[in-house]
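Peer 1: One structure, as structure tokens, below. Some questions next.
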Number of protein chains: 2
Amino acid sequence: MAHVNQKTVDATTLRELAQQLRVDSIRASTTAGSGHPTSSMSAADLMAVLMARYLRYDFDDPENPLNDRLVFSKGHASPLLYSMYKAAGAITDEELLSFRKFGSPLQGHPTPALRWVDVATGSLGQGLPIGVGLALAGKHLDRLPYRVWVLCGDSEMAEGSMWEAFQHAAHYGLDNLVAVLDMNRLGQTRETMDGWNGDAYAGRARAFGWHAIQIDGHDVEEIDRAYAEALEQDKPVLVIARTRKGRGVSFLEDQLGKHGKPVPPEQAEQAIEELGGERSITVEVPRPDRRPQPPVRDGFTGEYRPKRWEVGDSEATRTAYGEGLKALGAAREDVVVMDGEVSDSTRAQKFAEAYPDRYFEMFIAEQQMVATAVGMSVRGYVPFASSFAAFLTRAHDFIRMAAISGANLRLCGSHAGVSIGPDGPSQMGLEDLAMMRSLHGSTVLYPCDANQTVKLVREMAGLEGISFLRTTRDSTPVIYPADEEFPVGGSKVVRSSEEDAVTVVAAGITVHQALRAAEELQGEGIRVRVIDAYSVKPIDARTLISSARQTAGRVVVAEDHWPEGGLGEAVLSAFAENGALDGLRLRHLAVSGMPGSGKPQELLDAAGIGFGDIAGAVRSLLDGRA
Amino acid sequence: MAHVNQKTVDATTLRELAQQLRVDSIRASTTAGSGHPTSSMSAADLMAVLMARYLRYDFDDPENPLNDRLVFSKGHASPLLYSMYKAAGAITDEELLSFRKFGSPLQGHPTPALRWVDVATGSLGQGLPIGVGLALAGKHLDRLPYRVWVLCGDSEMAEGSMWEAFQHAAHYGLDNLVAVLDMNRLGQTRETMDGWNGDAYAGRARAFGWHAIQIDGHDVEEIDRAYAEALEQDKPVLVIARTRKGRGVSFLEDQLGKHGKPVPPEQAEQAIEELGGERSITVEVPRPDRRPQPPVRDGFTGEYRPKRWEVGDSEATRTAYGEGLKALGAAREDVVVMDGEVSDSTRAQKFAEAYPDRYFEMFIAEQQMVATAVGMSVRGYVPFASSFAAFLTRAHDFIRMAAISGANLRLCGSHAGVSIGPDGPSQMGLEDLAMMRSLHGSTVLYPCDANQTVKLVREMAGLEGISFLRTTRDSTPVIYPADEEFPVGGSKVVRSSEEDAVTVVAAGITVHQALRAAEELQGEGIRVRVIDAYSVKPIDARTLISSARQTAGRVVVAEDHWPEGGLGEAVLSAFAENGALDGLRLRHLAVSGMPGSGKPQELLDAAGIGFGDIAGAVRSLLDGRA
């Protein structure tokens, strides 16, 4: 068994190590019966040189803040990554061969089920943007000299999110970021748009403010020189490595039709023979020279003094979001904020003005915004990211992957629903509740007043997974005292009496419509209970069910959202899960028909979710009263 | 009233026209009390020269296939667009002043509520990608000499989708596309990343294979020369126009803090005075010189002979999608297909091989893929676009906007659910049903066998709005004869008896799990009814409700999706909408816990949606039987 360290390694050994990574990539995927060996083989030389000569990483202590970060943006090259782990002595050969088996942390694409993987990849075009987030944290928050290495595929250069990453990396001067482009020419079904045209990639990278280096990605000495050059730059670096997919095996190399296909067992032996057989090189990846304390203090270490409103005041929940963030920023130095260049609308600006060092302008690039938040979550920060709720749909795939990464993200979507008024449907968040509810482990919050918003922002800081706060554009009356508590999973009965005939479940803007409807109905002698379901997920099933029982099963749900996937279906599911559907008579009011421009109340009424509609639904439920 | 036509217009008149557009932009937004006058004013000269000298458009006949297309990618400059309509004589001054009022088609951002607007904009970074779709249709399908003009903002250049558009436009040689960049330097809250650095934009555009021209965007003669130069290029052209936001009014021009704010009435008079007062210039926009027939024949004009499978065969529904598309391609020449470089996985490749002229490779750029489909829908084609269901989340904002545009899109998401097996969670569509159901006017279909899939593909061709087909990776048994019909909104009772004690509602992969559970339960003397709810939206409420009644309200729903927003909640909503919740006892089985890699059945079982889980849910419902 050869043992290699950074001081002793020579070019011959690097080539041998690369061949071992290829052989192991084939062995793992052939054993699994699936996977991407050829996409691993093209990048083997690149990664051999990286791990043996440049990477600083303590596999025994992945939490060391000085560790370099390595992200496989081309996540399908997981056999290569896992072969590197084996070569580094982090996993055994037996573990390597558990690749893609049920229960193995060596999944088809990398996820943090492995402790050395920071983020899940496998949806192309995400690793580099997240690498930008990590590098931003390294340079501007941690202020530690670790480097972020990202292995990119050439197919994923077609994803716009890659170019968001290029722009932001240059804008923020991320000289701690090196992207290695495995330009193997071949996509899944055909040649990429640019093939081996390294000049095209280099020209674009330079036009975006990066340093670009073109090399033969199978020449370990060229690779070595390129990495050395990369370390000397004062800007982000793209190493464009011309490679051949399936490199080293005659019947795989540079062949179309070999993407994502394991080598059949009967051919694997020949392939391994062509690569010079199995080897057992282990690499002593150099560790950082010290183990500093994590650079951020988490938890409430400073004074927390949020703005308070009096009941009867009028304030927009989006404004309260900004105030809540600002107060949190004073109390917790781990809170960081990013926004998609609408911070005067989302009111994240209040934080930005108070704590400019912890505010990161993501411009109009919502994918990069979420990716940055993911990167900062990896580094232990408490990121809040905001845009219009409608525009968070732009980052849906990033949010979905963040859930797989186990990232702790807090998202705020402002301008929810038709109640925004004149700007029209393009600006109205009407599917955000459905999107955010359907994420694994997510929390979905929708406040109706300013004091409640501030409390929920504080709650979010302590939540794991992805949490979402939905805010309203216009001012709404403050209905809760500033000391009221709003636990996640709770709800508030905001109006009730002994004679309540119907339960009205509302959240956000519709709470106020429901209260107005209740007032109007009381004049007719009809009493209704109004529940503020501010915690849409998890929802307060107990209160909903007991209230429904007290109102003879009569329930109206009103929400400023399309009918599918939002509050109404959350309420239905709560009853179903608890076996409480029997006897339920539920009217669900949601946005019907495509809205246009208008005044908020005009649009609420046109959508069928205004106070008049709620009162009408209550009456219709009572018309059927025996 | 001055009347201008293309032959007589001189520079002085162009400048006057631009001032009129500015004045009208102010008047419209001040009257509305909201809107974006300053973002309109920066581009007024650019649009004055365009409409008076270059645009070919028949406002009386927006359907003329020879019309140029004009897309305001910076949709918030709607006051400018509407002022152009007024100058062209298409709307009256009174109509202009209805801007943003309830019921007016002059919404806050442009939508096809106005007949001259092809697509809704207002979510930045979408107009240019859709322009690429229109230009692709013009050059490669219509083969007509119309030109696509897109007015872009500089803030939106931060959206990755813009660079997807740049790449694809160059790749497809779209010399019929001119993007005009209104480089006014100022975003919503701050300067853009690149300010007035026109060289930066030009360098990037050139690096992406475009022709770039830099001009002073307030010099009508420079603008005129730039457009003339643009018409002579054999590649897409970016005109980078250095402009000043709020141009022409001393207290607005190049000022931060003036974004999205109407001029207060008390200042509007002064602003209009500085601009030289109101004018009444009308422009005779030249019409195309003829009115050709629409270039495509729609409907079934050829022979439709889809592949047929025998009951008992085994086939993946994704493969049947490909076969269905291919058959449709033979029968309908208006069918066009695009895919995100996974066509061998989605099986769109079958169409691509048969009809290469109507297949458009979108590489790994799902946003551009949907944008292309939108563009082709505008031009009357019947687009089908496919990727992994998981990766369609990448285009969520584009799909959302397509619904506002009223586009007719057919999307196919393959590799649904945990049943894909070893690739792991990044590749599993687990939130696609929630995403697709929550789109206004959408249709969501989820077949379980090959013959059914082919029939549904045929149905989709005739649907309006956005329809979605969810397909499965692995082969499943064919359970329906090839002549069976599957209307949208229907369902199939695939197993039933007089003694059924429980109704099991399934779709796609879970139909087969349900059938196996039913078989197993029958051995225990328990009969269950199995319903294939292939039409998830609209769902067959009648069959569900009547079946539930026949099984004493006992219902199990099983789906390969997260619990929220999918089949289970669709079923609940169907009962709720029809006042049929009373007596319902429903067990909802959906994916619980984050999946990893494994074999399909292992993962179905681990997720709690395998046949054993379904049988268990049936038994548990019956345990409670009186």
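The values are calculated or read from the model by the stated rules, or taken from the named source; none is laboratory data. Fair warning: this is a prediction, and the values are worked out from it, not measured in the lab. As a convention, Cβ positions derive from the backbone with ideal geometry for all residues, glycine included, and neighbour counts pool all protein chains shown.
Peer 1: Please enumerate the residues belonging to segment A:563-612 that are of a type in the set (A, V, I, L, M, F, W, C) and touching a strand residue (DSSP E or B) at 6+ places or on another chain (Cβ under 6 Å).
Peer 2: Listed by number, the residues that qualify are A:567, A:570, A:571, A:576, A:586, A:589, A:609.
Peer 1: Would you mind stating whether residue A:272 is surrounded by 15 or more Cβ atoms within 10 Å (Cβ to Cβ), in a helix (DSSP H, G or I) and either free of Cβ contacts under 8 Å to residues at least 40 places away in the same chain or among the β-branched types (Val, Ile, Thr) (or both)?
Peer 2: So residue A:272 passes the test.
Peer 1: Considering only segment A:38-59, state which residues are part of a helix (DSSP H, G or I) and either farther than 19 Å from residue A:250 by Cβ or within 14 Å of chain B (Cβ to nearest Cβ) (or both).
Peer 2: A:39, A:46, A:47, A:48, A:49, A:50, A:51, A:52, A:53, A:54
Peer 1: Kindly provide the set of residues from segment B:394-440 that are within 8 Å of another protein chain (Cβ to nearest Cβ), of a type in the set (D, E, K, R) and within 15 Å of residue B:536 (Cα to Cα), ordered by number.
Peer 2: Listed by number, the residues that qualify are B:431, B:437.
Peer 1: Here is a further query. Among A:75, A:35, which is at positive phi and in contact (Cβ under 8 Å) with a residue 12 or more places away in the chain?
Peer 2: A:35
Peer 1: Can you name the number of the only condition in (1) in a helix (DSSP H, G or I); (2) touching a helix residue (DSSP H, G or I) at 6+ places or on another chain (Cβ under 9 Å) that residue A:344 fails?
Peer 2: So the condition that residue A:344 fails would be (2).
Peer 1: Exactly one of these conditions fails for residue A:300: (1) modelled with pLDDT of 95 or more; (2) assigned to a loop (DSSP other than H, G, I, E, B); (3) within 33 Å of the chain's Cα centre (by Cα); (4) among the aromatic types (Phe, Trp, Tyr). Give me its number.
Peer 2: For residue A:300, the failing item is (1).
Peer 1: Here's a follow-up. Would segment B:373-391 turn up any residue that is part of a helix (DSSP H, G or I), more than 21 Å from residue B:161 (Cα to Cα) and among the small types (Gly, Ala, Ser)?
Peer 2: Checked against the condition, which is being part of a helix (DSSP H, G or I), more than 21 Å from residue B:161 (Cα to Cα) and among the small types (Gly, Ala, Ser), segment B:373-391 yields no hits at all.
Peer 1: Just the residues that are small (Gly, Ala, Ser) and in contact (Cβ under 8 Å) with a residue 60 or more places away in the chain, please, taken from segment B:471-505.
Peer 2: B:475, B:482, B:501
Peer 1: Related question: Taking segment A:613-626 as the search range and keeping residues that are within 13 Å of another protein chain (Cβ to nearest Cβ) and touching a residue at least 40 places away in the same chain (Cβ under 8 Å), which one is nearest to residue A:564 (Cα to Cα)?
Peer 2: Result: A:617.
Peer 1: Can you pull out every residue in segment B:119-151 that is part of a loop (DSSP other than H, G, I, E, B) and in contact with a Ser or Thr (Cβ under 8 Å, 6 or more places away or on another chain)?
Peer 2: The answer is B:119, B:120, B:121, B:122, B:123, B:124, B:125, B:126.
Peer 1: Restricting segment B:194-204 to residues that are of a type outside the set (Phe, Trp, Tyr) and surrounded by fewer than 23 Cβ atoms within 10 Å (Cβ to Cβ), which is nearest to the other protein chains (Cβ to nearest Cβ)?
Peer 2: Out of the qualifying residues, it is B:203.
Peer 1: Right, something else. May I ask you to verify whether residue A:230 is in contact (Cβ under 8 Å) with a residue 40 or more places away in the chain, under 29 Å from the mean Cα position of the chain (by Cα) and either part of a strand (DSSP E or B) or closer than 27 Å to residue A:122 by Cβ (or both)?
Peer 2: It is true that residue A:230 is in contact (Cβ under 8 Å) with a residue 40 or more places away in the chain, under 29 Å from the mean Cα position of the chain (by Cα) and either part of a strand (DSSP E or B) or closer than 27 Å to residue A:122 by Cβ (or both).
Peer 1: Looking only at segment B:575-612, how many residues end up being more than 9 Å from every other protein chain (Cβ to nearest Cβ), assigned to a helix (DSSP H, G or I) and surrounded by fewer than 22 Cβ atoms within 10 Å (Cβ to Cβ)?
Peer 2: The total comes to 4.
Peer 1: Which members of segment B:434-448 meet the condition of being in contact with a helix residue (DSSP H, G or I) (Cβ under 7 Å, 6 or more places away or on another chain), in contact (Cβ under 8 Å) with a residue 40 or more places away in the chain and assigned to a loop (DSSP other than H, G, I, E, B)?
Peer 2: Across segment B:434-448, the qualifying residues are B:438, B:439, B:442, B:447, B:448.
Okay, residues lined up against (1) touching a Lys or Arg at 6+ places or on another chain (Cβ under 9 Å); (2) within 13 Å of another protein chain (Cβ to nearest Cβ):
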residue: B:274; (1), (2): no, no
residue: B:278; (1), (2): yes, no
residue: B:296; (1), (2): yes, no
residue: B:308; (1), (2): no, no
residue: B:321; (1), (2): yes, no
residue: B:326; (1), (2): yes, no
residue: B:329; (1), (2): yes, no
residue: B:341; (1), (2): yes, yes
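Peer 1: Which of the residues belonging to segment B:555-574 are outside any helix (DSSP H, G or I) and either within 24 Å of residue B:413 (Cα to Cα) or within 8 Å of another protein chain (Cβ to nearest Cβ) (or both)?
Peer 2: Within segment B:555-574, B:557, B:558, B:559, B:560, B:561, B:562, B:563, B:564, B:565, B:566 qualify.
Peer 1: Kindly list the number of the only condition in (1) surrounded by 24 or more Cβ atoms within 10 Å (Cβ to Cβ); (2) touching a Leu at 6+ places or on another chain (Cβ under 8 Å); (3) farther than 20 Å from residue A:572 by Cα; (4) not β-branched (Val, Ile, Thr) that fails for residue A:517.
Peer 2: Here residue A:517 meets the rest and fails (2).
Peer 1: Which of (1) crowded, with 24+ Cβ neighbours inside 10 Å; (2) without any contact (Cβ under 8 Å) to a residue 40 or more places away in the chain; (3) in a loop (DSSP other than H, G, I, E, B) does residue B:162 not meet, given it meets every other one?
Peer 2: It is condition (3) that residue B:162 fails.
Peer 1: Related question: Identify, by number, the condition in (1) closer than 16 Å to residue A:19 by Cβ; (2) free of Cβ contacts under 8 Å to residues at least 12 places away in the same chain that residue A:40 doesn't meet.
Peer 2: (2)
Peer 1: Sticking with this structure for a sec: Would you check if there is a residue in segment A:210-225 being surrounded by 20 or more Cβ atoms within 10 Å (Cβ to Cβ), in contact with a Lys or Arg (Cβ under 9 Å, 6 or more places away or on another chain) and within 14 Å of chain B (Cβ to nearest Cβ)?
Peer 2: Yes - at least one qualifying residue is present in segment A:210-225.
Peer 1: Sticking with this structure for a sec: Which of the numbered conditions does residue B:78 fail, given that it passes all the others? Conditions: (1) more than 21 Å from the chain's Cα centre (by Cα); (2) within 13 Å of another protein chain (Cβ to nearest Cβ); (3) of a type in the set (Gly, Ala, Ser); (4) outside any loop (DSSP other than H, G, I, E, B).
Peer 2: (1)
Peer 1: Kindly provide the set of residues from segment B:536-554 that are within 14 Å of chain A (Cβ to nearest Cβ) and either within 28 Å of the chain's Cα centre (by Cα) or not in a strand (DSSP E or B) (or both), ordered by number.
Peer 2: Correct list: B:536, B:537, B:538, B:539, B:541, B:544, B:545, B:548, B:549, B:552, B:553.
Peer 1: Now for a different question. Report the residue count in segment A:349-380 for those that are out of contact with any Ser or Thr (no Cβ under 7 Å at 6 or more places or on another chain) and either of a type in the set (D, E, K, R) or surrounded by fewer than 24 Cβ atoms within 10 Å (Cβ to Cβ) (or both).
Peer 2: Total satisfying the criteria: 12.
Peer 1: Can you tell me which residues in segment B:352-371 are in contact with a strand residue (DSSP E or B) (Cβ under 8 Å, 6 or more places away or on another chain), within 13 Å of chain A (Cβ to nearest Cβ) and not in a loop (DSSP other than H, G, I, E, B)?
Peer 2: Passing the criteria: B:352, B:359, B:360, B:361, B:366, B:369, B:370.
Peer 1: Failed condition for residue B:457, given (1) closer than 27 Å to residue B:357 by Cα; (2) part of a strand (DSSP E or B); (3) aliphatic (A, V, I, L, M), with all others met?
Peer 2: Residue B:457 satisfies all of (1) closer than 27 Å to residue B:357 by Cα; (2) part of a strand (DSSP E or B); (3) aliphatic (A, V, I, L, M) except (2).
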